[in-house]
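The values are calculated or read from the model by the stated rules, or taken from the named source; none is laboratory data. For clarity, every value in this text was computed on a predicted model and none was experimentally measured. All Cβ positions, even for glycine, are placed from backbone atoms using ideal geometry, and neighbour counts span all protein chains on display. For the accessible areas, the whole protein counts, side chains as well, though only heavy atoms, and no ligand, DNA or RNA atoms are used. Shrake-Rupley method; radii C 1.70, N 1.55, O 1.52, S 1.80 Å.
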Amino acid sequence: MNCGQAGVKFQNWAGTYGSSPELFFRPRSVEEIQEILELARQRGKRVKVVGGGHSPSDIACSEDFMIHMGKINRILQVDKEKLQVKVEAGILLSELNLELEKHGMALANLGAVSEVTAAGVIGTGTHNTGIGHGILPTQVVAVSLLLASGEILECSESVNPEVFQAARLHLGCLGIVMSVTFQCVPEFRLREVAFPSTLSQVLDELEEHLRKSQYFRFLWFPHSENVRIIYQDPTSKPPCSSSSWFWDYAVGYYLLEFLLWISSFLPGLVVWINHVFFRLLFNSRVENVSHRIFSYECRFRQHVQDWAIPIEKTKEALLELKAALERNPGIVAHFPVEIRFSQRDEILLSPCFQQDSCYINIIMYRPYGKDVPRLHYWIAYEEIMKKHGGRPHWAKAHSCTRKDLEKMYPAFPKFCAIREKLDPTGIFLNAYLEKVFY
Ligand SMILES: Cc1cc2nc3c(=O)[nH]c(=O)nc-3n(C[C@H](O)[C@H](O)[C@H](O)COP(=O)(O)OP(=O)(O)OC[C@H]3O[C@@H](n4cnc5c(N)ncnc54)[C@H](O)[C@@H]3O)c2cc1C
């Protein structure tokens, strides 16, 4: 029996949320997890699984039992004909990407970080960009769940299809994900090109950009019109990079953190920082394997919000956000506001459920761990997102409760019915999920 450790403190990656689980477990097998579940049932405790702990909210927190999946991380099967890979739920994408590389395979799309787990990224609906691509869970073809009852439930398009559309974005509340099967593509070389524009120009030419580049996104530098457009596309060009010593030797990161810290005393400095760093951020590069461009090492702890709105609302919503900042000079907004796009899907709790979507990600850094005021920025942003039919990213802290979510997600009742059937006593709930479901 895996005894569990007392006194462990959990903190998410950004250091913004944490909890003190009564017992912390690192099981190695399904049998050990079944024993933990049995112990939880006997003692009337809840159970939360944590993956890479990267969610910038309290979604993975627990004061009862916490299970870390780091030792359940094997590659179970690679099918080179179907280009599919079945992995244990706790594998990090950084490990998976390297393994796929060996087989000449890759995931078609990835989020910005790879120290996250297979089950964790699908748990919250991680996304990248590209209007011809869905959020990461759309690359999942099968999921294996260990239910509250201790039984294993397999699901896919053909086996338990209703549960499958819930499990592909599961919030950690349906059961413990034991394995995930991903549909991959042949490995591809990716080219990234970045160039300047303005907010009004990029919004006027949105359709053209979406057509021109498979993984198009842009960064807006708030308190200005400045925009950096980023195209990422498969290429046959040889690997190369044009980045500068300023970023290669991390000088830029140290300088930025220092300036952001100074600006926490002199908020007016942020406008200047946003202008200066806009000029320092242009490069182009080609990497042999796509994940080296999709994912990078994020150096800054931060607070974020990231809502998806119907794609046709992109222009209105961004112009309103810009106007809100202009109307309220007291609000300080760090760069960048990142704008990405995702294709519609049929996943019950996907922010892109039945609508092509634009994600607008806002950010406030925590220089040297210091929180900078963000309340008024957050409120103004959420109001605009709600007004335009937005749906919040599940990983990122938001203020929505069941009442709001029922209006936003047409399939919310269906998901709730599945959850209540699979976990009738709510053993997999925590404070975050209670806000969502009650
Ligand atoms: C620097 C940084 C960059 C990021 N970039 C992006 C981005 O580009 N796009 C984007 O969409 N998001 C992004 N995120 C958010 C991130 O992708 C999500 O928070 C993701 O869910 C993290 O995965 P994780 O393994 O850390 O999951 P955790 O945060 O540990 O857990 C997430 C949820 O999954 C559940 N869970 C985990 N494993 C299991 C399991 N085996 N069974 C049942 N439930 C489980 C947890 O209980 C929790 O509910 C970023 C976050 C950071 C910190």
- Message: Can you give me the % of accessible surface on the stretch 190-392 that is carbon or sulfur? Probe 1.4 Å, all protein chains present, nothing else counted.
- Response: 55
- Item | Net charge of Cβ neighbours under 12 Å - reference K86; Lys, Arg +1; Asp, Glu -1 | -2
- Query: Could you give the angle, 0 to 90 degrees to the nearest 10, between helix 375-387's Cα long axis and the longest principal axis of the Cα atoms of the chain?
  - Reply: 80
- Output the antiparallel fraction of DSSP beta bridges having both residues in the stretch 10-68, as a percent to the nearest 5. 20
- Query: In whole Å, what is the distance between the alpha-carbon centres of the stretch 1-20 and the stretch 303-321?
  - Reply: 34
- I379 to L98: extension gain in nm, 0.36 nm per residue of separation minus the Cα-Cα distance? 97.1 nm
- Item | Bridge type composition, the chain - antiparallel percent by DSSP, nearest 5 | 90
- Query: Ranked by accessible surface with a 1.4 Å probe, highest first, in what order do S350, S241 come?
  - Reply: S241, S350
- Compute the FRET efficiency between Y368 and D248 as 1/(1 + (r/R0)^6), taking r as their Cβ-Cβ distance and R0 = 25 Å, and round to the nearest 0.05. 0.65
- Item | Note, ³J(HN,Hα) from phi for the stretch 137-145, Karplus 6.51, -1.76, 1.60, rounded to Hz, x at Gly and Pro | x, 6, 8, 8, 10, 7, 9, 10, 10
- Calculate how steeply helix 251-263 sits against the longest principal axis of the alpha-carbon atoms of the chain, using the helix alpha-carbon long axis, and give the answer as 0 to 90 degrees to the nearest 10. 90
- Neighbourhood charge, 11 Å Cβ-Cβ cut-off, centred on L433 and excluding it, Lys, Arg +1 and Asp, Glu -1: +2
- Message: Can you tell me the orientation of helix 93-102 relative to the chain, as the angle in degrees between its alpha-carbon axis and the longest Cα principal axis, to the nearest 10?
- Response: 90
- If each part is reduced to its alpha-carbon centroid, the stretch 88-132 and the stretch 206-284 end up apart, in Å, by 24
- Item | Cα-based radius of gyration of the chain once divided by 2.2 N^0.38 Å, which approximates compact folds | 0.97
- Message: Assuming 0.36 nm per residue, please report the length gained on full extension of the stretch K212 to S149 beyond their Cα-Cα distance.
- Response: 17.7 nm
- Taking the dipole of the stretch 217-298 about the Cα centre (Lys, Arg +1; Asp, Glu -1; charges at Cβ), the one of L280, L255, S242 that reaches farthest to the positive side is S242
- Point-to-point label distance, T235-N283, nm (Cα→Cβ direction, 7 Å offset): 1.4
- Query: Can you pull the accessible area of C298 for me, 1.4 Å probe, Å² to the nearest 10?
  - Reply: 40
